[in-house]
1. Could you tell me whether any residue of segment 8-17 is in contact with a Lys or Arg (Cβ under 6 Å, 6 or more places away or on another chain), acidic (Asp, Glu) and farther than 24 Å from residue 105 by Cα?
2. Given the structure, is residue 52 without any contact (Cβ under 8 Å) to a residue 24 or more places away in the chain and hydrophobic (A, V, I, L, M, F, W, C)?
3. For segment 1-36, what are the residues that are without any contact (Cβ under 8 Å) to a residue 24 or more places away in the chain and among the polar types (S, T, N, Q)?
4. Please note which strands (runs of 3 or more DSSP E) are completely contained in segment 1-101 and include at least 3 residues that are surrounded by 12 or more Cβ atoms within 10 Å (Cβ to Cβ) and touching a helix residue (DSSP H, G or I) at 6+ places or on another chain (Cβ under 8 Å).
5. Conditions: (1) more than 11 Å from the chain's Cα centre (by Cα); (2) under 22 Å from residue 19 (Cβ atoms). Residue 98 meets all but one. Number of the miss?
6. Under 9 Å by Cβ, and 6 or more places apart or on different chains, what pairs join a residue from segment 62-79 that is on the phi > 0 side of the Ramachandran plot with one that is surrounded by 13 or more Cβ atoms within 10 Å (Cβ to Cβ) and not charged (D, E, K, R)?
Amino acid sequence: MYKSYFGEITIRDIESSWIVAINENLIPKNTKRFILDYRKATLKIKSSEHSAISDFYKQYPEVFKDAKIAVITETPKNTVIAILVHEKDEGYQSFPFNTLEDALKWIDS
């Protein structure tokens, strides 16, 4: 599943977009590979808030358990947030990338 973000994004934006996708059954059953593209987004998240993202994934094991989540980002701040989330991975795997090609290689490995 490919999900793209644009503009300024907060923790609340991330959570609410996932909740809509989950509640409206927009995620096909047994989907365990996600590509999240933040290249056109600016994360308005403090580095201390990064655990809210990993905590959110843990709240929805029916979606994210055993999932691979590739995060595409180009800015240093967005990359740092993705790395901090990666350090909190539990029950799923996430990793930041700079290109779609690298994200696809990892997600398919």
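Values in this text are rule-based calculations from the coordinates and carry no lab data. Every value quoted in this text rests on a predicted model; they were computed, and no experiment measured them. Glycine gets a Cβ as well: all are built from the backbone with ideal geometry, and neighbour counts include every protein chain shown.
1. Within segment 8-17, one or more residues are in contact with a Lys or Arg (Cβ under 6 Å, 6 or more places away or on another chain), acidic (Asp, Glu) and farther than 24 Å from residue 105 by Cα.
2. When the stated conditions are applied, residue 52 does not pass them.
3. 16, 17, 23, 25, 30
4. Result: 33-43, 68-72, 93-97.
5. (2)
6. Final answer for the pair search is 66/92; 66/93.
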